[in-house]
1. For the chain, what is the relative contact order in percent, using Cα pairs closer than 8 Å and at least 6 residues apart in sequence?
2. Near the amide H of residue 91, under 5 Å away, which other amide H atoms are found, from residues 5 or more places off or on another chain, if H is placed in the peptide plane?
3. What lysines sit close enough to residue 76 to cross-link, taking a C-alpha to C-alpha distance under 27 Å and skipping anything fewer than 8 places away on the same chain?
4. For the chain, what's the radius of gyration and Dmax over Cα atoms, in angstrom?
5. Volume per residue, Å³, of the convex hull around the alpha-carbon atoms of segment 1-57?
6. Would you mind checking segment 46-74 for residues with the amide N under 18 Å from a putative spin-label position 7 Å along Cα→C-beta of residue 104?
7. Can you give the charge dipole size of segment 5-123 about its Cα centre, rounded to the nearest 20 debye, using +1 on the beta carbon of Lys and Arg and -1 on the beta carbon of Asp and Glu?
8. Using θ = phi - 60° and the Karplus curve 6.51 cos²θ - 1.76 cosθ + 1.60, what whole-Hz ³J(HN,Hα) does each residue of segment 45-50 get, with Gly and Pro shown as x?
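Read the figures in this text as sums done on the coordinates, not as results from a lab. As the structure is a computational prediction, the values presented were derived from the model and not from experiment. Because the Cβ atoms are built from the backbone with ideal geometry, glycine has one as well, and the counts that use them run over all protein chains shown.
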Amino acid sequence: QVQLVESGGGLVQAGGSLRLSCAASGRTASRYAMGWFRQAPGKERESVAAISRSGMRTYYADSVKGRFTISRDNAKNTVYLQMNSLKPEDTAVYYCAARYSDLDVIIREYDYWGQGTQVTVSS
């Protein structure tokens, strides 16, 4: 089992940047594929980015491609989401998610979720 704690959210002006962090507990956090999701008020939760166990494979939603970068530091059991050129439509609660994986692949469904961190982008 793994516990996830997100941090780094906040209020930023359009065009600005934020870096979200997701700290995973447990010595085997590096065996978990990870992802970032977001949910805006009145909307369904959507996948933003995902990363494989090693970090060699990544996935981005079309809406954030070229602006967001997902990465991980397995030595620190932490996954990051660097968000640049933020837009008001990026405003949402951002969630980190994890799932144990035997393979170094991108995962679409997750078992463990963090509590979320609010990102608000003002115009």
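1. Answer for the chain is 36 percent.
2. Amide H neighbours of residue 91, under 5 Å, 5+ apart: 121.
3. Reachable lysines: 65.
4. That works out to 13.4, 43 Å for Rg and Dmax.
5. Values: hull volume 6.7 nm³, N = 57.
Normalising the Cα hull of segment 1-57 by residue number yields 118 Å³.
6. In segment 46-74, the label zone of residue 104 (backbone N under 18 Å from the point 7 Å along Cα→Cβ) covers 50-59, 70-74.
7. Working: 15 positive and 11 negative charges, 48 e Å.
The dipole of segment 5-123 has a size of about 240 debye.
8. Coupling constants for segment 45-50: 5, 10, 6, 9, 7, 8 Hz.
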